[in-house]
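Chemist: Let me begin by handing over the structure; questions about it come next.
The values are calculated or read from the model by the stated rules, or taken from the named source; none is laboratory data. Not measured: the values here are computed from a predicted model. Counting neighbours? That spans all protein chains shown, and the Cβs are built from the backbone with ideal geometry, glycine included.
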């Protein structure tokens, strides 16, 4: 590597470390849009933009204009990312600043509190859901008295002072913990993770209806707790009263524990993650349901195969695997896995029993999942009667102009023998 390149890279690192928030009324760098974008989608990809003449720090706020100078909007720019521009506002009069972030955060919080009434039933819920709340690349969950900020782009990282100030105005007593996964940092080209949480924030207990769950921010996936299945945990719990339930890919035991508390006769829960099983067992003790719930480390495919061979049947079953594809090239394999898992599940559900099939893979559409279930039922020689279709809890809204935001698909069906 030449000395000139080394000096340039060092200069760029110094610039990034001292990124200053734009002053009120200051001009933003301009990025030119050269390709029409469909449906006002908030993501603009590299091929759609003209390369700027001067380098723009990853995550900086920029103004997007057309070739003839017409203003498109303002957003985060990152030349390292395939999603090169994430629009925040398309109002020609608006340049996002600290007050703008505060208003948008306050609006998101008001929706959860005033419309959804969430603090009345749980203290574990999503406060900000990225594009669904007009704050691209940012997810914030409230877990008891801690706000967990998960960063998916360099933009929120650069503008954390504004974001954190807006959150403090709404939750003045909450500790804020900043996290970013390795994949996001790799594709954004920026180290975005914050300092470790305090000891008080490491191990939390959150409530969801009658249930309590341990959350360890040092070990948990994403923000530490999956609030997106809240409504489905409650619904399946009611359906499981007096029945035996199989919970495949149980993670920390949400479905299993809620079902046991609602009166399920017996629950068998399985997960391949040994750490998750340890947390699930701890949650079982916390909720005093260990007499009815068994947590086991294992591969759900192998466990279902063993149950089929032993002719073991369950009246209720939930299959909620983790994301199975992050790119289109992985989609065929993911669809095959969904089909195989649900086929084996159908073969272990008693006649007239209920199967809850879930997919949190954003690339898999609702129609894709229904098609997978249809094929799985055909191979299992089952008549599948779909009676409800759902998505993530309402504190996970998605923007109509960005259907990718509807990542979670949940399908309720009865499994009957072919007549």
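Chemist: Would the range 138-149 turn up any residue that is more than 18 Å from the chain's Cα centre (by Cα) and surrounded by fewer than 22 Cβ atoms within 10 Å (Cβ to Cβ)?
Modeler: yes
Chemist: For the range 190-205: of the residues being surrounded by 14 or more Cβ atoms within 10 Å (Cβ to Cβ) and in contact with a helix residue (DSSP H, G or I) (Cβ under 9 Å, 6 or more places away or on another chain), which is nearest to residue 289 (Cα to Cα)?
Modeler: 205
Chemist: If you don't mind, there's one more thing I want to ask. Having 2 or more residues that are under 25 Å from residue 359 (Cα atoms) is the bar; report the helices (runs of 4 or more DSSP H) wholly within the range 170-286 that clear it. Talk me through it step by step, then tell me what you get.
Modeler: On the way: elements: 182-188, 199-202, 230-240, 254-262, 274-286.
Output list reads 182-188, 230-240, 254-262, 274-286.
Chemist: Here is a check on your reading of the model: is residue 417 under 21 Å from residue 40 (Cα atoms) and either surrounded by fewer than 16 Cβ atoms within 10 Å (Cβ to Cβ) or in contact (Cβ under 8 Å) with a residue 40 or more places away in the chain (or both)?
Modeler: No: the conditions fail for residue 417.
Chemist: Continuing with the same structure: Evaluate the following for residue 154: is it crowded, with 22+ Cβ neighbours inside 10 Å, under 22 Å from the mean Cα position of the chain (by Cα) and closer than 20 Å to residue 119 by Cβ?
Modeler: no
Chemist: Right, next: Can you tell me which residues in the range 300-320 are surrounded by fewer than 19 Cβ atoms within 10 Å (Cβ to Cβ) and within 25 Å of the chain's Cα centre (by Cα)?
Modeler: The one that is surrounded by fewer than 19 Cβ atoms within 10 Å (Cβ to Cβ) and within 25 Å of the chain's Cα centre (by Cα): 301.
Chemist: Can you name every residue in the range 178-213 that is within 19 Å of the chain's Cα centre (by Cα) and under 27 Å from residue 257 (Cα atoms)?
Modeler: 206, 208, 213
Chemist: Taking the criterion of being modelled with pLDDT of 95 or more, within 21 Å of the chain's Cα centre (by Cα) and in the same structural domain as residue 149 (by TED's automatic domain parsing), would at least one residue in the range 89-103 satisfy it?
Modeler: no
Chemist: Also: Determine which single condition residue 148 fails, assuming it passes every other condition in (1) assigned by TED's automatic domain parsing to the domain that holds residue 288; (2) farther than 21 Å from residue 255 by Cα.
Modeler: (1)
Residues checked against (1) within 17 Å of residue 323 (Cα to Cα); (2) at pLDDT below 95; (3) not assigned by TED's automatic domain parsing to the domain that holds residue 308:
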position	(1), (2), (3)
372	yes, no, no
376	no, no, no
386	no, no, no
389	no, no, no
395	no, no, no
400	no, yes, no
406	yes, yes, no
409	yes, no, no
412	no, no, no
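Chemist: Quick test of your reading of the structure: residue 209 fulfils all but one of (1) at negative phi; (2) modelled with pLDDT of 90 or more. Name the failing condition by number.
Modeler: Among (1) at negative phi; (2) modelled with pLDDT of 90 or more, the lone unmet condition for residue 209 is (1).
Chemist: Kindly indicate whether any position in the range 327-346 is at negative phi, at pLDDT 95 or above, in contact with a strand residue (DSSP E or B) (Cβ under 9 Å, 6 or more places away or on another chain) and part of a loop (DSSP other than H, G, I, E, B).
Modeler: no
Chemist: May I pose another question? Can you name every residue in the range 1-53 that is within 19 Å of residue 153 (Cα to Cα), surrounded by 13 or more Cβ atoms within 10 Å (Cβ to Cβ), under 30 Å from the mean Cα position of the chain (by Cα) and at pLDDT below 85?
Modeler: Residues satisfying the conditions are 16, 19.
Chemist: If you go through the range 375-400 one residue at a time, how many are in a loop (DSSP other than H, G, I, E, B) and on the phi < 0 side of the Ramachandran plot?
Modeler: The total comes to 10.
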